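Q: Mind having a look at this structure? Questions to follow.
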Amino acid sequence: MNHHLGILGHSAEGAALCFRTFCQEGFRALGPHDHPDVTLDLISMARAMPAWDAGDHDAIRAILATSAERLAAAGATFFVCPDNTAHLALQRPGPDLALPGLHLPDVVAARAARDGRRRVGVLGTRFTMGSALYSDALGRHGIAAEVPDPADRETVDQIIFDELVNGVFRDAARDAYVRVIERLAARDCDAVALVCTEIPLLIGPDDSPLPTLDSTRLGAAAALAVATGQAPFPTWHGGPLPH
């Protein structure tokens, strides 16, 4: 019996990529047109942006908790949230979310460990790059995390919010990201984690000077493994994780 996935979305482009990837992974694993049940819930990111700018993660957690409740009411039995930055809010102390979910940074870190990585560059929003989200997750596997220098972080974040989340994917932005990744490679990174949901829509494996860890597609594949009983059912209901 398959489990019913709930996709707890936070930005439209990334949530759509996660949904599409989950279904396509199902086709490959189960046969044509087949995938486990999936429901997507997406509250407009505009609702949360003032709280992000104010650093009010508890307010964002409340918005995401509403999505989790709606997913549970729709029959979902577990969730994946393809938005990495949202995990800063999901990790806040608070009531258990209405259903258990995968912790995306741990999914990415586990893949980095399986690939034998030792130092991983982290590209995401300014909120993610300025937090311990990935240094903690990677550190649990003995892997170092590197973020770009301040000017490069500003470039990466500006492109995310001005372009990628709005469905704008320009060659100039791709070139800018490639230069940032080249500088991470020069700092002895052996892979780069694309940990804003939309970055994989701009940067593919053939574009990057370093091997990529595509958080959106890794999360969708991990969700399919759970949904089909090939991986353990998650137990995390939000809240802090051990360092």
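Q: Being more than 24 Å from residue 78 (Cα to Cα) and of a type in the set (S, T, N, Q) is the filter here; which residues of the range 203-243 pass it?
A: 208, 212
Q: Moving to a separate point now. Considering each of 216, 155 in turn, give the residue that is in a helix (DSSP H, G or I), touching a Pro at 6+ places or on another chain (Cβ under 9 Å) and at pLDDT 95 or above.
A: 155
Q: Of the residues that sit in the range 70-93 and are farther than 16 Å from residue 4 by Cβ and in a helix (DSSP H, G or I), which one is most open to solvent (accessible area, probe 1.4 Å)?
A: The selected residue is 88.
Q: Filter the range 166-177 for residues that are open to solvent by 30 Å² or more (accessible area, probe 1.4 Å) and either closer than 24 Å to residue 37 by Cα or part of a helix (DSSP H, G or I) (or both); which is modelled with the lowest pLDDT?
A: Once the filter is applied, the top-ranked residue is 166.
Q: Same structure, new question: Among 20, 61, which is the only one that is assigned to a helix (DSSP H, G or I), among the charged types (D, E, K, R) and closer than 20 Å to residue 167 by Cβ?
A: 20
Q: So, one more: Which residues, counting only those in the range 42-52, are closer than 24 Å to residue 193 by Cβ and in a helix (DSSP H, G or I)?
A: Passing the criteria: 45, 49, 52.
Q: In the range 94-118, what count of residues is obtained for those that are part of a helix (DSSP H, G or I) and touching a helix residue (DSSP H, G or I) at 6+ places or on another chain (Cβ under 8 Å)?
A: Count: 8.
Q: Let me ask something else about it. Name, by its number, the condition in (1) closer than 16 Å to residue 226 by Cα; (2) surrounded by 14 or more Cβ atoms within 10 Å (Cβ to Cβ) that does not hold for residue 28.
A: Result: residue 28 passes all but (2).
Q: Can you find a residue that is part of a helix (DSSP H, G or I) and within 30 Å of residue 95 (Cβ to Cβ) anywhere in the range 180-202?
A: Looking through the range 180-202, none of the residues is part of a helix (DSSP H, G or I) and within 30 Å of residue 95 (Cβ to Cβ).
Q: Do you know which of the residues in the range 215-243 that are more than 16 Å from the chain's Cα centre (by Cα) and polar (S, T, N, Q) is least open to solvent (accessible area, probe 1.4 Å)?
A: 228
Q: Would you point out the residue of the range 120-143, among those that are among the small types (Gly, Ala, Ser) and more than 18 Å from residue 212 (Cβ to Cβ), that is surrounded by the fewest Cβ atoms within 10 Å (Cβ to Cβ)?
A: 142
The values are calculated or read from the model by the stated rules, or taken from the named source; none is laboratory data. Since the model is a prediction, treat every value here as computed from it, not as a measurement. All Cβ positions, glycine included, derive from the backbone under ideal geometry; neighbour counts span all protein chains shown. Quick note on the areas: whole protein, heavy atoms, side chains included, nothing else; ligands and nucleic acids left out. Shrake-Rupley method; radii C 1.70, N 1.55, O 1.52, S 1.80 Å.
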